[in-house]
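The values are calculated or read from the model by the stated rules, or taken from the named source; none is laboratory data. Here the structure is a predicted model, which is why all the values come from computation and not from measurement. FYI the Cβ positions are ideal-geometry reconstructions off the backbone, even for glycines, and counts take in every protein chain you see.
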Amino acid sequence: MRISPAGRANRRRRSASGFTLIELLVVITIIAILAVGTGLSAGGVFARPSGVSDAARLEQGIERARDAALLGRTVTGIYPRADGWVLAKLDSAGTWERIGAPLVLRGAALSWQVGGQPYMPGLNAPRAQDAPPIRFASDGRSTPFAMSVLGSATRRSCSAPNGEALQCDAP
């Protein structure tokens, strides 16, 4: 190793600019913790939207089933439940396939009428070979049905008479 006139080794000195991986990970972790804490304290970032009532969610779910039938050009259906509903579609093999998870309305009770008759759904998951009692055809028509949602402070009724579009009373 050669020695310079000043008595130091002639080695290249490592550049001191930049951050190490550990330093970057520590900073990112601190920022993430602060972001989560801020979101939780604000309440609005992670909370369920309170402006959407159970009846409105039900209305949206039924419109989603109808739209899926219209846009997908396939038969879709709803399995009513005492605490919500399950959307399903008819696949090419002729069996009913669920679309997503069951939608459950917490703190609300539902009552259903299908084809003018009271429908008392069980809380068990429907079997694949069982056709849903409420079906939406690809032309937008459906099985005539009506339902009521009784929440803690509200009651809302909706119906699709004669297989037409869903009509709900004012909230």
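Evaluated against (1) surrounded by 12 or more Cβ atoms within 10 Å (Cβ to Cβ); (2) at pLDDT 80 or above, residue 139 falls short on exactly one condition, (1). For the range 91-109, a residue qualifies if it is touching a residue at least 24 places away in the same chain (Cβ under 8 Å) and under 13 Å from residue 132 (Cα atoms), and the qualifying residues are 95, 96, 97, 99.
Within the option set 170, 146, 165, 101, being of a type in the set (A, V, I, L, M, F, W, C) and surrounded by 15 or more Cβ atoms within 10 Å (Cβ to Cβ) holds for one residue only, 146.
In the set 88, 137, 170, 165, only one residue is touching a residue at least 60 places away in the same chain (Cβ under 8 Å) and touching a Lys or Arg at 6+ places or on another chain (Cβ under 9 Å); that residue is 165.
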